[in-house]
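Encoded as structure tokens, the structure appears first; notes follow it.
The values are calculated or read from the model by the stated rules, or taken from the named source; none is laboratory data. Note that this is a predicted model, so its numbers are computed, not measured. A quick note on method: Cβ atoms are made from the backbone with ideal geometry, for glycine too, and the neighbour counts reach across all protein chains shown. All accessible areas refer to the heavy atoms of the entire protein, side chains included, with ligands and DNA or RNA removed. Shrake-Rupley method; radii C 1.70, N 1.55, O 1.52, S 1.80 Å.
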Amino acid sequence: MPIALYRIDDRLIHGQVVVGWGQPLELRFIVLVDDEVASSEWEQELYRMGVPPEMSVLFYTVDDAAAHLAELQKRPEPGIVLVGDIGTMGRLVAQADGRIRAVNVGGVHHSPGRVQRLRFVFLTPPEEQGLRDIAAQGVDVSAQDVPSARPVPLGELLTSTTGA
Amino acid sequence: MSTTTDTDVAPATVRAIVAGHGSFATGIISAVDQITGRGSSFLAMSNSGLCLDDIQGTLARAVDDTGARVIFTDLPAGSCTMAVRRMIRARPGVLLVTGINLSLLLDFAMQDAVDPVVAVNAALERGRASMAVYGG
């Protein structure tokens, strides 16, 4: 079974991922791609303790995730690839040899310099360009926080000023 | 505090912080207040619209400002729980209790003459024991 979701979420593993997506997709593993977390045993333990026993967590750097992507996509159980920011996903997509077809913008929250596009998406101009660059590689980019919400296509996301 | 943090209660009286998704914290504190009149013992915080760093920073300020030594959160995997676990590494003596329910919080609220950390242990048992299934 292919990876069910490639998600950008600055909270990484949290309620929406474990419960909101995890239960309907019957996720059995999370691939957390973050160079910093991949080098910290403490951070890894923190995230492991946040998931139910039936779910495993793999920690990779971007380079390692790209190298293991083909085998991860062949795993029989459903899983999710999770990154904390647009730049990390951009690097992963660039090294994925076309193996990533869709990217979910799940949560990029407020910080200085970011403009609100949706209730759960705030972007700087470089981050907007980062999403365009991902899409330019043939990847379907949309924003959706939970499975029951409507996926907002990239074009609509980047022109949205409602914060809805 | 950001606009996502409920500061209706007086920080001087705060014995614990409640943090969670959406309106969880304000809702459960409202229920405690309705039942016991002791809602002012708690400070509410929501993770709505905040990134992990902001959640952690807001919680750290709340702990430092109030002197609260107990933090209650709603979900073990939730972003508030993750943020608290990071934050309390630098704050020995601060206790995190996650997966809370109303019975637990009521029991804690009623033990206002007891050290908050000690009160947590009894409240945990009350909270666990309160769940039941009838019929079916």
(message) Let me check against my output: what whole-number percent is the relative contact order of chain B, with C-alpha pairs under 8 Å and at least 6 apart?
(response) 24 percent
(request) Specify which residue in the list A:Ala96, A:Ala70, B:Ala16 is farthest towards the positive end of the charge dipole of the protein assembly as shown, using unit charges on the beta carbon of Lys, Arg (+1) and Asp, Glu (-1), about the Cα centre. (result) B:Ala16
(message) Defining a contact as two alpha carbons under 8 Å apart and six or more residues distant in sequence, what relative contact order in percent does the stretch A:3-159 show?
(response) 28 percent
(message) Counting only protein heavy atoms and a 1.4 Å probe, tell me what percentage of the protein assembly as shown's accessible area is made up of carbon and sulfur.
(response) 53 percent
(request) Net charge near A:Gly130: determine it from the other residues with C-beta under 14 Å of the C-beta of A:Gly130, scoring Lys and Arg +1 and Asp and Glu -1. (result) -1
(message) If DNA, RNA and ligands are ignored and the probe is 1.4 Å, what is the ranking of A:Asp64, B:Asp74 by accessible area, most exposed first?
(response) A:Asp64, B:Asp74
(message) For the stretch A:90-109 and the stretch A:111-164, what is the centre-to-centre distance using only Cα atoms, to the nearest Å?
(response) 13 Å
(message) Under a Cβ-only charge scheme (Lys and Arg +1, Asp and Glu -1), can you give me the dipole magnitude of the protein assembly as shown about the Cα centre, in debye to the nearest 20?
(response) 380 debye
(message) For A:Leu158, A:Leu25, give me the order by solvent-accessible area with a 1.4 Å probe, most accessible first, ignoring ligands, DNA and RNA.
(response) A:Leu25, A:Leu158
(message) Explain nothing, just the number: dipole magnitude of the stretch A:3-159 about its Cα centre with +1 on each Lys and Arg Cβ and -1 on each Asp and Glu Cβ, in debye rounded to the nearest 20.
(response) 540 debye
(message) Net charge within 13 Å of A:Phe29 by Cβ-Cβ distance, Lys/Arg positive one each and Asp/Glu negative one each, not counting A:Phe29 itself?
(response) 0
(request) Using label points projected 7 Å from each Cα along Cα→Cβ, tell me how many nm separate A:Arg101 and A:Met49, to one decimal. (result) 3.9 nm
